[in-house]
Amino acid sequence: MTKTGDQAAPMRSYDPQVTFAVGERLDLGPAGTGTITEVLAWSAPPTPHRQSLTVTMDDGRLLYFAAGMGDQAPERDLTGLPAMLPAEAAPDSATGWRAALARLVGQQVPLPGSRQRLHIKALSGEGVQVAPGNDADILLPWRGLEAARHRLQERGQLALVDLETLVPDLDANLVTALLLALPGVRLETKPATLYWLDVLARDETICFDIPLRPVYLSKSFVTIPSEAWSALPLSPLGEHVYIPVIMGDTFTMCRLSHRDSPEEARLYLRGDAGQSLREDCQEDEVLRFWPLRNTRGEFVALAVERAT
């Protein structure tokens with residue numbers, strides 16, 4: 001969430017004669033639209049106001065243009081621009097992270113683990129320039145940022161302690177603040193872990209149905225059938241683990257207990273998930289459960305919805 005009062009910059013048409021500022025939105029005609037993420041000024045004559053613009057396009061590409069050339073600017077003609085651009089492959093949803101960050105340039109985002117906010121100052125080919133609170137600017141290089149993004153995309157989850165090990169030269173809280181710009185990424189605080197829901201896939205081969213009994217509705221738990229135990233990260237007998245449960249629009253860390261006398265596995269639906277169970281479900285309805293797995297086939301979360 002950006003700071004209250006921050007407004008997106010209005011769209012301007014590209015004109016090489018005039019000057020621009022970081023954070024402005026730019027219309028490049030047939031080439032599309034983007035956000036100016038870096039401005040380099042030329043102080044030497046004969047064009048003292050000349051600029052080199054880095055534009056992060058809405059599809060994630062980085063493009064470069066000249067501006068501020070006044071009467072020395074060539075005649076503007078954008079009709080042939082798309083054919084002149086580098087023939088690079090369209091970026092995937094992860095590379096679109098740069099476009100998401102570009103739209104935050106000039107704004108402030110929450111900084112995990114701190115009451116301060118993180119000011120997104122500029123993007124360039126080298127990385128992202130940020131300023132935590134009132135501190136000096138810091139350049140976070142793409143190499144470390146992309147390593148963190150790749151690990152999160154591959155595994156669907158990334159504990160902050162693991163992030164610190166992965167990019168020891170970067171502040172994990174700063175990297176986390178930028179990763180939260182990715183659509184579908186959320187941060188759970190106990191323990192501090194990032195989850196990227198959009199990269200998870202349902203395991204349709206191991207879905208299971210649970211008819212709701214009165215005790216389930218009153219006590220906000222369900223008993224997991226034994227044939228589904230192997231699909232879940234069940235703890236040793238007598239212990240429990242917390243797993244993410246996605247139920248409707250809710251995301252809740254719920255306790256999965258491996259009980260004895262008699263042996264059973266119980267999933268306690270707490271918080272928003274428990275409230276949804278009590279208020280939206282009725283006796284004899286059936287809930288359907290799917291494991292959500294990452295690209296490595298590992299369990300990350302459990303999806304729940306009413307069976308039709």
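The values are calculated or read from the model by the stated rules, or taken from the named source; none is laboratory data. Keep in mind it's a predicted model, so treat the numbers as computed, not measured. Don't worry about glycine lacking a Cβ; one is built from the backbone with ideal geometry, like all the others, and counts go over all protein chains shown.
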Practice item. Quick one: Leu212 ticks every box in (1) farther than 21 Å from Gln157 by Cα; (2) among the aliphatic types (A, V, I, L, M); (3) touching a Gly at 6+ places or on another chain (Cβ under 8 Å) except a single one, so which number is it? Key: (3)
Check your understanding: Conditions: (1) farther than 30 Å from Asp58 by Cα; (2) in contact with a helix residue (DSSP H, G or I) (Cβ under 8 Å, 6 or more places away or on another chain). Val215 meets all but one. Number of the miss?
Key -> (2)
Check your understanding: Is it the case that region 238-246 has a residue that's assigned to a loop (DSSP other than H, G, I, E, B), over 22 Å from the mean Cα position of the chain (by Cα) and surrounded by fewer than 17 Cβ atoms within 10 Å (Cβ to Cβ)?
Key -> yes
Review point. Out of Leu53, Leu26, Leu104, which single residue is assigned to a loop (DSSP other than H, G, I, E, B), at pLDDT 80 or above, touching a strand residue (DSSP E or B) at 6+ places or on another chain (Cβ under 6 Å) and crowded, with 20+ Cβ neighbours inside 10 Å?
Key: Leu104
Check your understanding: What are the residues in region 163-188 that are under 30 Å from Phe289 (Cβ atoms), out of contact with any Lys or Arg (no Cβ under 9 Å at 6 or more places or on another chain) and touching a residue at least 40 places away in the same chain (Cβ under 8 Å), if any?
Key -> Thr176, Pro183, Arg186, Leu187, Glu188
Review point. Leu277: surrounded by 12 or more Cβ atoms within 10 Å (Cβ to Cβ), at pLDDT below 95, of a type outside the set (Val, Ile, Thr) and more than 12 Å from Asp209 (Cα to Cα), yes or no?
Key: yes
Check your understanding: Name the pairs: first residue in region 125-142 and in a helix (DSSP H, G or I), second residue buried (at least 18 other Cβ atoms within 10 Å of the Cβ), Cβ to Cβ under 7 Å, at least 6 apart or on different chains?
Key -> Trp142/Gly127
Revision key, fill the gap. Thr250 passes all but one of the listed conditions (1) closer than 14 Å to Pro291 by Cα; (2) touching a helix residue (DSSP H, G or I) at 6+ places or on another chain (Cβ under 7 Å); the exception is number (1)
